Amino acid sequence: MNIIVTSIDYILNQSRANSLWPLTFATSCCGIEMMQTVASNNDIARFGSEVFRGSPRQADLLICAGTITHKMAPVLLRLYEQMAEPKYVIAMGACTCGGGMFAQTSYSVVKGIDKIIPVDIYLPMCPPKPEALIDAIRKLQEKIKGESILKRKDFVNSHTAKLKESCGILVENQGLNITKLGIE
């Protein structure tokens, strides 16, 4: 039985890794670098990710590029919830990973989107170059090729439990719902 599951995992992971469909979600200057990744100089199409989706229901990769405020956090969570499983997240830019230059001086900036959604790859530059985003996508592809379906569910569930304990985010039968953002 293990041989069959391993073979299915291998085939599914190869196809998932080579056809990541990113969701357009750019809130500040990192978005310009993300757009440059699609241009002819950096051509992200060779990785099967050339078309940025406008709907979360058509995407399986969320590249969060830019500053996330507390007011934007419920929107980000809703987009993540609407994405099809398995879904992956790249946190692009210093502001997304840890609040960036606003971490000490602004009360309205979330100090890392990992307090809202699970993050697979961190890209903490200000702003990251297109080559760095391509490298992050390649690392995500390698991660996808080596994972098991059951381990992916454990990763998401462990993050949900951590959020429930530390941030005051409740888990309901319909999915995640933010009732209170106690993010510091």
Residues Leu20, Leu62 arranged by fewest to most Cβ contacts within 10 Å: Leu20, Leu62
Least to most buried among Tyr107, Tyr88 (fewest other Cβ within 10 Å first): Tyr107, Tyr88
Per-residue Cβ neighbour rank within 10 angstrom, fewest leading, Val38, Val75: Val75, Val38
Calculated FRET value between Arg53 and Tyr10, using beta carbons and R₀ = 35 Å, to 0.05: 0.85
Of Pro128, Ile32, Ile113, farthest towards positive along the dipole that unit charges on Lys, Arg, Asp, Glu beta carbons give region 2-147: Ile113
Karplus (6.51, -1.76, 1.60) ³J(HN,Hα), θ = phi - 60°, over region 14-22, in Hz, Gly and Pro reported as x: 5, 6, 5, 5, 9, 9, 6, 10, x
Computed Rg/Rh of region 2-147, alpha carbon atoms with Kirkwood Rh: 0.99
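Just so you know, all these numbers are worked out from the coordinates, no wet-lab data involved. Treat the numbers as computed from the prediction; the structure is a model and nothing was measured. Here the Cβ is made from the backbone with ideal geometry for all residues, glycine too, and neighbour counts use every protein chain on show.
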